[in-house]
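Here is the structure we will look at.
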Amino acid sequence: MVKTGEEEKFRNAAAKKLSETGCTATHLYFFRKQMQTRKGIGFLEPLFPGYVFLETEELTRAKIELLKTVHGFYHMLFTNEEPQKLRNYDLDYFTMFRDSGEILGFSKVTFNKAQHIVIVSGPLKGFEGRIIRVNRRCRRVTIAVEMFGDSKKVDLSYTEVTKV
């Protein structure tokens, strides 16, 4: 976790520090989503505010200590002493986001009777979540997704919605 609003700044500074120390097999990801205002003006917004993802072959104490020196660092999930690898659905979500690119575009979604959202096309194809709120005027849906041992709220823009 890093200071909200400074994810990209942290990612760039941490990547620079890691590369200066020879950590070439390490990648940092900051996922953003494309959104639109009611007037159709596009902008980018963090998908997970305050989170930067570290992909590395080995997480050493030295890497953790180096990351802790970067401005904006708060802590590793779940603790700095025992950081946890992403597993199961968390790892599947991360892989899907990484493979779609760090900027996620618009998707076509369907709602089912159980008030779940299913994304049928676009960068998050196959993604499912429980609907919390739908703003048809702004063409956004807020869903709850189980991630990182907790329920996270995610706002998504959509281009077309159908109810099945």
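For the set Lys9/Lys68; Lys3/Lys108; Lys33/Lys153; Lys125/Lys153, the pairs lying more than 22 angstrom apart at their alpha carbons are Lys3/Lys108. Taking region 61-90 and a reference point 7 angstrom along Cα→Cβ of Glu20, the backbone N atoms nearer than 18 Å belong to 62-73. Think of it as helices only: each DSSP H run of n ≥ 4 in the chain is worth -39500 (n - 2.57), and spread over all residues that comes to -6500 deg cm²/dmol at 222 nm. Under a model in which nothing but the beta-carbon of Lys, Arg (+1) and Asp, Glu (-1) is charged, the chain shows a dipole of about 1040 debye around its Cα centre. Partners of Lys39 within straight-line reach, counting aspartates and glutamates whose Cα lies under 17 Å from its Cα and excluding those fewer than 8 residues away in the same chain: Glu160.
Where does helix 7-20 land angle-wise versus the long Cα axis of the chain, in degrees 0 to 90, nearest 10? Taking the Cα atoms of the chain, the angle to 7-20 is about 30 degrees.
So for region 10-105, what percent of the C-alpha to C-alpha distances run longer than 21 Å? Please list the in-between numbers first.
Values: 1776 of 4560 pairs.
Here the long-distance tail beyond 21 Å is 39 percent of all Cα pairs in region 10-105.
Between the amide H of Thr4 and any residue lying 5 or more places away or on another chain, no distance stays under 5 Å, with hydrogens modeled in the peptide plane. Computed from Cα positions, the angle between helix 88-100 and the longest principal axis of the chain comes to roughly 80 degrees.
To put it simply, the accessible area of the chain at a 1.4 Å probe is 50 percent carbon and sulfur. Ligands, DNA and RNA are left out, and with a 1.4 angstrom probe the accessible area of the chain is 59 Å² per residue.
Sequentially through region 67-77, phi angles give Karplus couplings (6.51, -1.76, 1.60; θ = phi - 60°) of 5, 5, 7, 7, 4, x, 5, 10, 6, 7, 7 Hz, Gly and Pro residues having no value and appearing as x. Computed over region 1-59, the alpha-carbon pair-distance distribution with 10 angstrom bins reads 22, 42, 25, 9, 3, each value a whole percent. Shown for the chain is the translational diffusion coefficient from the Stokes-Einstein equation, using the Kirkwood radius over Cα pairs, a temperature of 20 °C and a viscosity of 1.002 mPa s: 126 µm²/s.
The values are calculated or read from the model by the stated rules, or taken from the named source; none is laboratory data. Because the structure is predicted, anything quoted here is derived from the model rather than measured. Note that we place each Cβ from the backbone using ideal geometry, even for glycine, and neighbour counts take in every protein chain shown. Just the protein is used for accessible areas: all its heavy atoms, side chains included, with ligands, DNA and RNA removed. Shrake-Rupley method; radii C 1.70, N 1.55, O 1.52, S 1.80 Å.
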